[in-house]
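The values are calculated or read from the model by the stated rules, or taken from the named source; none is laboratory data. Everything numeric here is computed off the predicted structure, so don't read it as measured data. No Cβ is skipped: glycine too gets one built from the backbone with ideal geometry, and neighbour counts run over all protein chains shown. With ligands, DNA and RNA removed, areas are computed over all heavy atoms of the protein, side chains included. Shrake-Rupley method; radii C 1.70, N 1.55, O 1.52, S 1.80 Å.
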Amino acid sequence: MIEWYTTDTYNITFVLQYTPMSSHHLKGVKKSAITDKIRSAICEYKKENPGVSQKDLQAWVHQKYDLDISQSTISNTLKRASEYLSDERKQSDVKKHKSAKYPELEKVLFEWFLQRQDKVNMSGEIIQEKGKELMKKMYGESNSDFSFSSGWLERFKARYGIKSYRRFGESGSVMMENIENALPGIRTKLDQFQLKDIYNMDETGLFYRLEADHSLATKQLEGRKKDKERITVVVCCNGDGSDKVPLWIIGKYANPRCFKNVNINNLNCVYRFNKKAWMTGLLFQEFVTWFDSKMNGRKVLLIVDNCPAHPKIVEGLRNTELFFLPPNTTSKIQPCDAGIIRAFKVHYRRRLYSSMLQSLEVNATNPEKVNILNAISFANMAWNIDVKTTTIANCFRHCKIRSEENDEQELGEINEGVEGLNEVISNLRYRNVMDVEHLLNYPNENDAVMESPTDEEIIESVMSTDEGTDPEPDDSNVIPSVSSKEAFQALTTLNNYLLQHEQNIPGVIFALHKVKDEINFGFGGKKKQATIDSYFNKN
C-alpha cells in the first residue's frame with residue numbers, strides 16, 4: 001500500500017491511500033469511481049427502461065461515459081435509487097461521501113436549525129458557531145479541538161439537504177387578507193390532483209389521562225412538568241376520507257412498562273419516542289419517507305403546515321410531493337385544523353371516559369388509571385372506527401382549497417360525537433364538571449407541539465436511547481402472558497354471551513368465529529394433534 005499527503009483549499013490534510021486491485025475484483029475490468037451524477041443517470045435510465053438487465057446497464061455506462069464498472073456497483077447503485085434520484089444528488093460530482101465524526105451532534109444542530117430558521121437570518125458562520133457551542137454542551141472541553149471548517153459546513157449541508165439560508169416563517173396572527181391572497185395559488189396547485197390523491201398531515205398534543213373535572217384535572221397536572229402525561233398524535237388522511245393513514249404516536253419512553261409481553265407491530269400504529277414526546281425534524285422526515293413508501297405507484301400531494309419541525313426538503317421521495325401552506329394561514333385553511341382533529345379528540349375522550357365508567361361499575365381499583373397502551377387503543381378506535389369519512393370530506397370542502405368547493409357544510413358532521421361525549425361525562429357525575437369546548441381546547445395541550453425548544457431540550461430529544469423505560473413502578477400496567485388455551489376459553493365464554501343477546505347480531509358472532517379459527521389454526525402455524533394419551537392424562 002502506498003500513502004501520500006495532499007492539502008485542500010481549506011488547509012486540511014488528508015491521507016490518501018492506494019491499494020493495488022484486489023484479487024476478487026473483476027479481471028480485465030478497470031476499477032473506476034463514479035460520481036453521484038452518473039449514479040443518478042443509471043437510476044433514471046433503469047426507471048425509464050425497467051426491462052434492462054444489470055449487464056445491459058454496464059454496457060450503457062461504458063458507451064455513454066467510457067467507464068468500466070462492475071455489476072456489483074450497478075446493483076448497489078440501484079438499491080439506493082431513491083437517494084440518487086434526489087435533485088441534489090443528480091447535480092453532484094462527489095464520488096465518496098465522508099461520514100460525520102459526531103453524528104449525534106449534527107442531529108442536534110440540524111434540529112436547532114429547523115427550529116430557528118424562521119426567526120434568524122441564517123448564515124454559515126452562525127451554524128459553525130452554534131456547532132462549537134453545542135459541542136461544549138454535549139461533550140465538554142474534551143473535543144474542543146474539532147474544527148467546524150468550511151469543508152465540514154458544506155458536508156453538513158449536503159448530509160441534511162440544506163441548500164440555502166432563508167426565512168420560511170413570518171410573525172403575526174392569522175390575517176384574512178393573507179389567506180385571500182394565497183388561495184388562488186393553492187387552488188391552482190391542488191386542482192392538478194384528484195381529491196383522493198390530496199392528503200393532509202398534522203400533529204396534535206393529547207393529555208391522554210385528562211379527566212373532565214376541573215379540580216381533578218388541576219390536581220393531575222399541578223406540580224408536574226406540563227408534558228408529564230402528554231403524547232403527540234400524528235393524523236393524516238386524504239380529501240375524500242377514503243384513506244385514514246395509520247396514526248403515529250410519539251411518547252416519552254422507548255419501553256413503557258405496559259409494552260411488556262406486547263408485539264408492538266400489532267398496535268396498528270407507528271410508535272416513536274423522545275424525552276419530550278415532540279415531533280422533531282428527524283421524525284418528520286421519517287414519517288414522510290414512510291408515507292411515500294405506502295403510496296407506492298401513485299402520485300399524491302401531501303399538505304403540511306409551516307411548523308419549524310417540518311423540514312422543507314425531504315430527499316428521495318418518488319410518489320409524494322410536499323406542499324407547505326403559507327405561514328399563519330393553517331388555522332383557517334388546513335383540513336385537519338378545520339374539524340378532523342377535533343372529531344378525533346371527541347371520540348378519544350368519549351372512549352376514555354366510557355372505559356372509566358365501566359371500571360367504576362365493576363368496582364375496579366383506580367378506574368382513572370390509564371397507561372399509554374390504553375391510550376393507543378382508544379386512539380386507534382377513535383380514528384379508524386369513529387371518525388366518519390363524511391366528516392373528513394366536509395372539512396376538506398370547508399377549507400375551500402380547491403376551485404370546485406362550495407360553502408355547503410354540515411355542522412352536525414363537524415360536531416360529530418359531542419352529544420355522546422356529553423352523555424358519558426354526565427354519567428361520571430363529576431362535582432366540578434368541565435365544559436366540553438374547554439376540554440377539547442384544553443390550555444397547554446398543544447404547547448409541546450408549537451413552542452420552540454431550548455438547546456438542552458433538543459439535545460434530550462435527539463439523544464434518547466432504547467434504554468428509556470417508563471419509571472412507573474406499578475406492575476399492574478403489565479399485560480399478563482396469555483396462552484392460546486386461555487384465549488380460546490375466553491372466546492367461548494364471549495360466544496355464549498353473544499348467543500343469548502337480545503339483539504340480532506349474527507355478523508358479530510361470525511367475526512368472533514373467525515377469531516377463534518385464527519387462534520385454533522391460524523397465525524402461520526398448525527394446531528398440534530392431540531393424542532389419546534394426552535386425553536386420559538388430563539388433570
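Exactly one residue out of Asn380, Asn366, Asn384 is modelled with pLDDT of 95 or more and open to solvent by 40 Å² or more (accessible area, probe 1.4 Å), and it is Asn384. Remark: pairs (first residue in the stretch 447-468, more than 20 Å from Phe207 (Cβ to Cβ); second residue in a loop (DSSP other than H, G, I, E, B) and at pLDDT 60 or above; Cβ separation under 6 Å; 6+ apart in sequence or on different chains) = Glu460/Lys275; Ser464/Asn274; Ser464/Lys275; Asp466/Ala254; Gly468/Tyr253; Gly468/Ala254. On the stretch given as the stretch 466-488, residues that are in a loop (DSSP other than H, G, I, E, B), open to solvent by 60 Å² or more (accessible area, probe 1.4 Å) and at pLDDT below 80 total 4. State yes or no: is Ser354 open to solvent by 10 Å² or more (accessible area, probe 1.4 Å), assigned to a helix (DSSP H, G or I), small (Gly, Ala, Ser) and touching a residue at least 40 places away in the same chain (Cβ under 8 Å)? So Ser354 passes the test. None of Leu491, Leu499 is at pLDDT 80 or above and open to solvent by less than 70 Å² (accessible area, probe 1.4 Å) except Leu491.
Any residue that is open to solvent by less than 40 Å² (accessible area, probe 1.4 Å), part of a loop (DSSP other than H, G, I, E, B) and modelled with pLDDT under 75 - is there at least one of those in the stretch 133-143? Within the stretch 133-143, not a single residue is open to solvent by less than 40 Å² (accessible area, probe 1.4 Å), part of a loop (DSSP other than H, G, I, E, B) and modelled with pLDDT under 75. The combined condition, being closer than 24 Å to Asn371 by Cβ and without any contact (Cβ under 8 Å) to a residue 12 or more places away in the chain, is fulfilled by Asn263. It is to be established whether one or more residues within the stretch 71-86 are more than 30 Å from Glu460 (Cβ to Cβ), among the hydroxyl-bearing types (Ser, Thr, Tyr), surrounded by fewer than 15 Cβ atoms within 10 Å (Cβ to Cβ) and modelled with pLDDT of 75 or more. Yes - at least one qualifying residue is present in the stretch 71-86. Of all residues in the stretch 31-78, those that are of a type outside the set (Lys, Arg) and in a helix (DSSP H, G or I) total 27. Summed over the stretch 304-335, residues that are of a type in the set (A, V, I, L, M), closer than 26 Å to Asn394 by Cα and either touching a Cys at 6+ places or on another chain (Cβ under 9 Å) or part of a loop (DSSP other than H, G, I, E, B) (or both) total 2. Considering each residue of the stretch 233-251 in turn, none proves to be at pLDDT below 90 and open to solvent by 10 Å² or more (accessible area, probe 1.4 Å).
Scanning for something within 19 Å of Phe207 (Cα to Cα), among the acidic types (Asp, Glu) and either loosely packed, with under 12 Cβ neighbours inside 10 Å or modelled with pLDDT of 85 or more (or both), does the stretch 427-436 turn up at least one residue? Yes: one or more hits. Scanning the stretch 333-363 for residues that are in contact with a Gly (Cβ under 6 Å, 6 or more places away or on another chain) and hydrophobic (A, V, I, L, M, F, W, C) yields one hit, Val346. Among the residues of the stretch 259-274, is there at least one that is surrounded by 20 or more Cβ atoms within 10 Å (Cβ to Cβ), in a loop (DSSP other than H, G, I, E, B) and at pLDDT below 90? Checked the stretch 259-274: at least one residue is surrounded by 20 or more Cβ atoms within 10 Å (Cβ to Cβ), in a loop (DSSP other than H, G, I, E, B) and at pLDDT below 90.
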